[in-house]
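As structure tokens, the structure follows; a few thoughts come after it.
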Amino acid sequence: MKTETEELKDWDVSGFGNDLLQWYQENKRDLPWRRERDPYRIWVSEIMLQQTKVDTVIPYYEKFMALFPTAEALAEAEEETVLKAWEGLGYYSRARNLHQAIKEVKEQYGGKVPDTKEEVHKLRGVGPYTAGAILSIAYNKPEPAVDGNVMRVLSRLFLIGDDITKSSARKKFEAIAAAVISKDNPSDFNQALMELGAMICTPRSPACLLCPVQQHCLAREEGVQEQLPVKAKKLPPKMKKMKAAIIEDEEGRLLIEKRPEKGLLANLWQFPNMELEEGSSEDPVAESLKKAGLRTETEQASCFEVRHVFSHLIWEIDVHFGKSMGFTNEQKFNESRLKFVTKEEIRKYPFPVSHQKIIDYALKGEG
Ligand code: SF4
């Protein structure tokens, strides 16, 4: 395999850029975040698009912009309102980091998203890809924006067999992207490369015959485009058996709990939900509630099952109905992250998708 600089020696950088940009001008999709170059809006869209398809993102983006049209509006929002707007989109740390970073923008830069590499990089949750996307798309600076999509395209164009899950490979692709980016129109160039990856140079069966840059593509020349990029296999997700309980008090209110401040689904709400230890006869939900000052009883048989696949983990949740038998320590309960809410109120809280399904089940027939 040649090095990136050797590859670029025989490569028609400007011909490639022209072909790519012309195709983009004629074929780009009309996406809501492409209608203007507001760095705040571009930033939000880029964060939403990480690990999520465009079609899924559009309605979330539009709702988010209606609620928080400016960086200022987002900075002033409560975290729970932001999480509620993000509900269902997954990877909630993205939303929390974005919110924190926008607060930094308000405090340190008067609400204007900074336009230097140094400053953008310092913002919470902004890695090299997002920084490159903001600087190039919004500010038209020739900064590479390399994500998995762009690495796939570049690995094919330059016939690069490095494992794209390694950070050394990312650095190599960033160096190539920096060398080939259009200096006249970096904003469209980066978007065009992303668009090519989304529409033509797709993970499986790339549409080489329709590809505007096929004559520049070394993998196509060798007929190995389907074997690239090289990507080490991920470990299969770990399975966790969980028990969740729909606990009602005598007034018909439901018990919910705010998840811990850190880690998976941080600060989202859920029904009491604990991992089931294999071989243990103990009820982990009742035990944890007892420690929080509340006595409960749940039915033996589960009434509903939910399965949720995260990137590294699968939750198989057995859901049980139960009831509150009163406090053993009310003060402790009030200091905990648990609370009873009415069935009308419950949907105001941000829940992960798995527990939204439990709400739907619990409220079935309640209108
Ligand atoms: Fe991708 Fe094929 Fe175009 Fe090469 S020719 S960039 S493999 S779609």
Practice task
Report the accessible area of His216, computed with a 1.4 Å probe over the heavy atoms of all protein chains in place, in Å² rounded to the nearest 10.
Solution key: 20 Å²
Practice task
Assign one of three labels to region 250-358, namely rounded, prolate or oblate, based on the Cα gyration tensor with a ≥ b ≥ c the square roots of its eigenvalues; rounded applies when a/c is under 1.5, prolate when it is not and a/b is larger than b/c, and oblate otherwise.
Solution key: rounded
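Give the shape of region 32-173 as rounded, prolate or oblate, defined through the alpha-carbon gyration tensor: a ≥ b ≥ c are the square roots of its eigenvalues, a/c under 1.5 means rounded, and otherwise the shape is prolate if a/b is larger than b/c and oblate if not.
Here region 32-173 falls in the prolate category.
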Practice task
Quick one: which residues, 5 or more positions from Ala245 or on another chain, have an amide H under 5 Å from its amide H? H modelled 1.01 Å from N in the peptide plane, none for Pro or chain starts.
Solution key: His320
Handout entry: Electrostatic dipole magnitude of region 22-120 [Cβ: Lys, Arg +1; Asp, Glu -1; Cα centre; debye, to 20]
Key = 320 debye
Exercise for the section: Under 1.5 on a/c is rounded, so check that first for region 98-146, then, if it is not, pick prolate when a/b is larger than b/c and oblate when it is not; a ≥ b ≥ c are the square roots of the alpha carbon gyration tensor eigenvalues. Expected result: prolate
Practice task
Over the alpha-carbon set of the chain, work out the extent along each principal axis and list the three values in angstrom, largest first.
Solution key: 76, 48, 36
Fill in the blank from the handout: Percent of all alpha-carbon pairs of region 22-67 at distances over 17 Å, whole number, is 33 percent
Exercise for the section: Determine one quarter of the surface area of the Cα convex hull of region 47-106, which equals its mean projected area, and express it in nm² to one decimal. Expected result: 3.6 nm²
Handout entry: Dimensions in Å of region 203-294 - Rg and Dmax from alpha carbons
Key = 25.2, 72
Problem - Which of Pro236, Met199, His216, positive extreme of dipole for region 191-241 (C-beta unit charges) - result: Pro236
Completion exercise
Excluding ligands, DNA and RNA, the carbon-plus-sulfur percentage of the accessible area of the chain with a 1.4 Å probe reads 48 percent
Practice task
Could you list, in their original order, any pairs among Lys122/Lys231; Lys117/Lys141; Lys63/Lys348; Lys28/Lys234; Lys240/Lys323; Lys112/Lys183 whose Cα atoms are separated by more than 21 Å?
Solution key: Lys122/Lys231; Lys28/Lys234; Lys240/Lys323; Lys112/Lys183
Problem - Area of Ser168 that stays accessible when all protein chains are in place (1.4 Å probe, Å², to 10) - result: 80 Å²
Handout entry: Convex hull projection area averaged over all views, region 127-259, Cα basis, nm²
Key = 12.9 nm²
Exercise for the section: Evaluate Rg over Rh across region 240-290, taking Cα atoms for both radii and Kirkwood's formula for Rh. Expected result: 1.00
Handout entry: Straight-distance crosslink candidates among lysines, where the alpha carbon sits under 18 Å from Lys262 and sequence neighbours closer than 8 are dropped
Key = Lys84
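The values are calculated or read from the model by the stated rules, or taken from the named source; none is laboratory data. Values in this document were obtained by computation on a predicted structure and should not be read as measured data. Backbone-built Cβ (ideal geometry, glycine too); neighbour counts: all protein chains shown. Accessible surface areas use protein heavy atoms only, side chains included; no ligands, DNA or RNA. Shrake-Rupley method; radii C 1.70, N 1.55, O 1.52, S 1.80 Å.
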